[in-house]
Amino acid sequence: MLRPLIPFLCVNCGKCFSHKHHLTHHMRCHTDEKPFMCVICEKRFAFRSAFNVHMRTHTGEKPFSCVACGQSFSQKHVLTNHMTVHTGEKPFSCETCGKCFAFKSAFNVHVRTHTGEKPFSCVTCGKSFGRKQYLTEHMMIHSGEKPFSCVNCGKCFSQRRHLTLHMAIHTGLFASCPPHVLLTSNLSPSFIIMPAHRQFLR
């Protein structure tokens, strides 16, 4: 006669597991135990799978290859996302406007244009943004960092779009366009030069 299955219960969240080692593995979520340490940078991980992925950042190993173009990736889910480039599949559809996306991350960003959600907040001034990239750029205002420099004159900017706007001086694009419109391949088809932007055209 088979013994009845006795689940192993997590006392913190009530989740059940069929094997004790699965419960032990799960408990690290609650205890913050991180037994796997990288000997190169000393970063620690709770799970061996995450540790193995991290080690590839040091070794450069990319074991997952695309059968269509041969490009390799360090993580399987990145390869899965890449394959949509070849298949044209766009499984994430916006219920509001019907626009489709190949990647969930791009879909999530798009949905915020409808909901107005801005989950990334500046800890210094409280301003919120819909994309993490915008918050990162904004933080440079507070830090004074200006990583984008003009190769022609050396002038530095905190945001890439300000450098792109400034480059119109050197390319001559601004001079050939009406005073209020700048057409470039790097910006949107019609970029309005507002008074606040004119400082970058000097």
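The values are calculated or read from the model by the stated rules, or taken from the named source; none is laboratory data. This structure is a prediction, so every number in the text was calculated from the model and none was measured. When we count neighbours, we look across all protein chains shown, and the Cβ atoms used for this are built from the backbone with ideal geometry, even at glycine.
Brief remarks follow.
- For segment 73-103, the set of residues classified as over 29 Å from Glu61 (Cβ atoms) and polar (S, T, N, Q) consists of Ser93, Thr96, listed by residue number.
- Filter result for Phe8 (under 29 Å from Lys132 (Cα atoms) and either loosely packed, with under 11 Cβ neighbours inside 10 Å or in contact with a strand residue (DSSP E or B) (Cβ under 8 Å, 6 or more places away or on another chain) (or both)): no
- For segment 92-105, the tally of residues that are out of contact with any strand residue (DSSP E or B) (no Cβ under 6 Å at 6 or more places or on another chain) and modelled with pLDDT of 90 or more stands at 6.
- Taken over segment 21-72, residues that are in contact with a Ser or Thr (Cβ under 8 Å, 6 or more places away or on another chain) and aliphatic (A, V, I, L, M) amount to 1.
- Each residue in segment 81-97 was checked for being surrounded by 14 or more Cβ atoms within 10 Å (Cβ to Cβ) and either of a type in the set (Ser, Thr, Tyr) or touching a His at 6+ places or on another chain (Cβ under 8 Å) (or both), and 2 of them qualify.
- Single residue of Thr164, Thr136, Thr87, Thr113 found to be farther than 30 Å from Val67 by Cα, among the hydroxyl-bearing types (Ser, Thr, Tyr) and at pLDDT 90 or above: Thr113
- Of all residues assigned to segment 30-44, none qualifies as being of a type outside the set (A, V, I, L, M, F, W, C), in a helix (DSSP H, G or I) and surrounded by 12 or more Cβ atoms within 10 Å (Cβ to Cβ).
- Subset of segment 8-60 (residues that are farther than 19 Å from Val78 by Cβ and of a type in the set (Val, Ile, Thr)): Val11, Thr24, Thr31, Val39, Ile40
- Residues of segment 98-152 satisfying the condition of being under 18 Å from the mean Cα position of the chain (by Cα), among the β-branched types (Val, Ile, Thr) and loosely packed, with under 13 Cβ neighbours inside 10 Å: Thr136
- Tabulated pairs, segment 107-129, first of a type in the set (Asp, Glu), second loosely packed, with under 14 Cβ neighbours inside 10 Å and assigned to a helix (DSSP H, G or I), C-beta under 7 angstrom, 6+ apart or interchain: none
- Checklist (1) within 23 Å of the chain's Cα centre (by Cα); (2) part of a helix (DSSP H, G or I) applied to Glu61, failing item: (2)
- Number of residues in segment 111-126 that are of a type outside the set (Phe, Trp, Tyr) and not in a loop (DSSP other than H, G, I, E, B): the value is 6.
- Residue in segment 19-33 that is acidic (Asp, Glu) and at pLDDT below 90 present: yes
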